[in-house]
Each structure stands twice: as C-alpha cells, then as structure tokens.
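First up is the structure itself, then whatever we jot down about it.
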C-alpha cells in the first residue's frame with residue numbers, strides 16, 4: 001500500500017503525524033503500529049484538504065473572512081460559517097483527490113465496495129493536550145459506497161466551519177492558515193456493545209482505577225448522551241470491580257437499511273442487563289493498561305465489542321485534558337516535591 005500527500009494507511013502513520021493526519025488519524029495509526037486491535041482504515045490527509053481549499057481560495061477568499069470574525073458576534077459568525085460550509089460541500093473535488101479516495105476505499109473493502117465504513121473528522125488541533133476539539137467536528141457512521149464516502153469527506157471538511165468550531169478557534173486565537181482537517185475512513189464495526197473508558201476516574205482523578213462505560217449497539221448513543229450507560233470501576237492492578245452501576249438502556253443505535261444508523265428499542269430482557277460480562281471487563285482493563293503504558297500518560301479510550309467475534313476493538317485513544325488542565329493551573333502554587341500526581345480524563349463527543 002502506497003502513501004502520498006492525499007492518502008495514508010494506519011500502518012504508515014503514528015502520533016507524530018498529527019499535522020498531516022489530524023489527531024484522530026494519527027492516534028489510530030499509533031495504536032495500529034503498537035499492536036492494538038483497531039478496525040483497518042486510512043486517512044485522507046491534510047494535503048487533500050489544503051488542495052481543495054486552495055482551489056476555493058483561487059475563486060474567492062475563504063479563510064480571511066473567518067479569521068476577521070468577532071467570536072461574540074454570533075450573527076456574523078453564523079453567516080460566514082454557513083457560507084464557508086456551502087462552498088465546501090458544493091464544490092467538486094480535485095480529480096486526483098477524488099480518484100485517490102475512491103481507490104483507497106476500494107482497497108479497504110477488499111472488493112466489497114458496499115462494505116460499511118465510518119467517516120470521521122480528524123482536525124490537526126484535536127485530540128491533543130493543548131486543545132480539545134472533541135465533538136466539534138462531524139462523524140458519519142455506516143457509510144456505504146464510494147460516492148457517499150466522497151460526500152461525507154466533504155461534509156467532514158465543512159464541519160471545520162461549524163459555528164462552534166469557528167467560535168472555538170477565534171476565542172483561542174488560532175490562525176486559520178494553521179487549521180486543517182484530515183478525515184479517517186475506517187471499516188465499520190457491527191458492535192454488540194460499545195462505549196468509552198478512562199484510565200483514571202473522571203470524577204476524582206484516581207489513578208489506580210479504570211472507569212468503563214458502555215451500552216448496547218454502537219457507541220454513538222453513549223457519546224451523544226442519548227443513553228445512560230452501564231458503568232464499572234475496575235481496579236487497575238488487581239482487577240477488582242468495586243462499582244457496578246447497571247442502567248436501563250432503552251434504545252440502541254444500529255445500522256439502518258441502506259446506510260446510516262437508527263435508534264431501536266432494546267428488548268425488555270436486555271434493557272437492564274449488563275452489556276459486558278466480567279471477562280470482557282477484564283479484557284478492556286488489559287487493553288486500557290497496554291494503551292496507557294504505550295503513551296506513558298492517562299488516556300480516554302473509545303471501544304467496541306464486535307457482534308460476531310466478540311473481539312474488543314479500539315476506535316480511538318486520546319490524552320485526557322480535564323485533570324491535566326486542572327493540575328497545570330494549580331502547578332504554580334505547588335511545591336515541586338508535591339507535584340507527583342498527574343490526573344486523567346475527558347469526555348468523548350461526536351456527532352452522528
């Protein structure tokens with residue numbers, strides 16, 4: 001498999017490639033190369049985005065009007081963002097970009113062109129310790145066919161110009177010229193259950209535990225907050241499970257006929273049943289410890305259990321930001337000898 005400035009396969013990239021693959025793509029490449037089970041995929045790199053933006057800029061300025069916005073003037077932000085999004089979704093892709101994406105998609109499907117994929121935004125400023133963009137760009141699940149992939153790639157690029165993302169960048173003072181978008185195209189997992197796990201407690205920052213949250217079906221229901229997930233607290237070293245909070249999981253998100261996802265009622269016999277058994281919890285604990293050791297710092301991890309094989313697959317891992325930001329703010333008033341604690345966590349977001 002070859003790489004260019006347009007396409008890179010997960011096995012070809014790592015965490016140091018954030019500027020070309022975006023945070024999500026670089027992390028998935030890093031996990032793949034570390035031997036973690038990740039659904040296969042590739043990244044439409046920022047070179048493709050820059051080529052597309054350059055073609056639009058040749059017709060009329062796109063970035064300068066955005067950079068001139070006052071983030072507190074929501075009417076102006078809304079109008080400028082909508083105009084930018086319309087230009088990105090309405091313009092044709094450069095021929096070489098189009099062909100590279102279609103070719104990689106065909107290769108990913110190994111001849112099954114209608115095999116479902118996830119198309120996920122991967123901004124260069126997301127999934128880092130300095131700035132958390134989680135939830136500010138779009139994700140499209142169960143995308144079927146090459147033409148739909150092309151459409152959703154453009155939609156991911158356009159989501160960089162949502163009102164939320166534009167306001168975030170303007171308030172952070174990020175120059176538009178330094179903002180770019182990669183897009184992950186990844187084989188879809190038909191998940192029996194899915195969710196997130198944190199290698200430190202999201203509520204207390206306790207570094208000795210792993211908090212696991214999950215629900216039936218695809219993880220999007222957990223990420224979006226539509227379902228209250230089951231929650232377990234697992235001792236990182238011993239595997240003891242002192243906390244088991246099993247919720248009433250009334251809906252699950254599953255593939256819809258013809259593509260996309262839909263909400264379905266969970267049968268009564270599964271609504272209040274735990275979505276993970278103890279063996280799966282210990283498997284997730286093992287994976288979480290391996291990922292944290294690899295990165296050398298606390299992580300927030302998105303996972304899924306394949307419906308047919310029962311295999312645990314990781315869909316994302318990123319450094320926590322909430323506790324680390326708190327500690328960074330408190331650091332000036334702490335003595336150096338007292339700063340051994342490094343806390344972890346954050347919450348996953350994402351749009352369907």
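Quick note: the coordinates plus some simple rules give every number you see, no bench work behind them. Nothing here was measured: the structure is a model prediction, and the numbers come from that model. FYI the Cβ positions are ideal-geometry reconstructions off the backbone, even for glycines, and counts take in every protein chain you see.
Quick one: plug the Kirkwood hydrodynamic radius of region 1-65 (C-alpha pairs) into Stokes-Einstein at 37 °C, 0.692 mPa s, and report D in µm²/s.
Estimated via Stokes-Einstein, D reaches 261 µm²/s.
Quick one: grab the alpha carbon gyration tensor of region 191-338, order the square roots of its eigenvalues as a ≥ b ≥ c, and give me rounded if a/c is under 1.5, else prolate or oblate depending on whether a/b is larger than b/c.
It comes out prolate by the Cα gyration axes.
Say each of residue 106 and residue 5 gets a label point 7 Å from the Cα, pointing the same way as Cα to Cβ; how far apart are those two points in nm?
That separation, rounded to one decimal, is 2.5 nm.
Mean separation of Cα pairs under 8 Å and 6+ residues apart, divided by the residue count of region 7-187: what relative contact order is that in percent?
32 percent
If you line up the long axis of helix 146-159 against the longest principal axis of the chain, both from Cα atoms, how many degrees apart are they, to the nearest 10?
Rounded to the nearest ten degrees, it is 90.
So for region 7-187, Kirkwood radius off the Cα pairs, Stokes-Einstein at 37 °C and 0.692 mPa s: how many µm² s⁻¹?
200 µm²/s
I'd like the distance separating the alpha-carbon centroids of region 226-269 and region 275-327, in whole Å.
So the two Cα centres are separated by 15 Å.
Relative to the longest principal Cα axis of the chain, at what angle does helix 74-90 sit, 0 to 90 degrees, rounded to 10?
Its long axis makes an angle of about 80 degrees.
When N is the residue count of the chain, what does its C-alpha Rg come to as a fraction of 2.2 N^0.38 Å?
Values: Rg = 20.4 Å, N = 352, 2.2 N^0.38 = 20.4 Å.
Against the empirical 2.2 N^0.38 Å value, I get 1.00 for the chain.
Extension gain residue 293-residue 235, at 0.36 nm per residue separation less the Cα-Cα distance, in nm?
Fully extending the segment from residue 293 to residue 235 adds 19.3 nm.
At 222 nm, what value in deg cm²/dmol follows for the chain if DSSP H runs of at least 4 each add -39500 (n - 2.57) and the sum is divided by all its residues, to the nearest 500? Write out the running numbers ahead of the final one.
Details: 11 runs with 126 residues, N = 352.
Calculated from helices alone, the mean residue ellipticity at 222 nm is -11000 deg cm²/dmol.
Label-point separation (nm) for residue 208 and residue 72, each offset 7 Å from Cα along Cα-to-Cβ?
According to this spin-label approximation, the distance is 4.7 nm.
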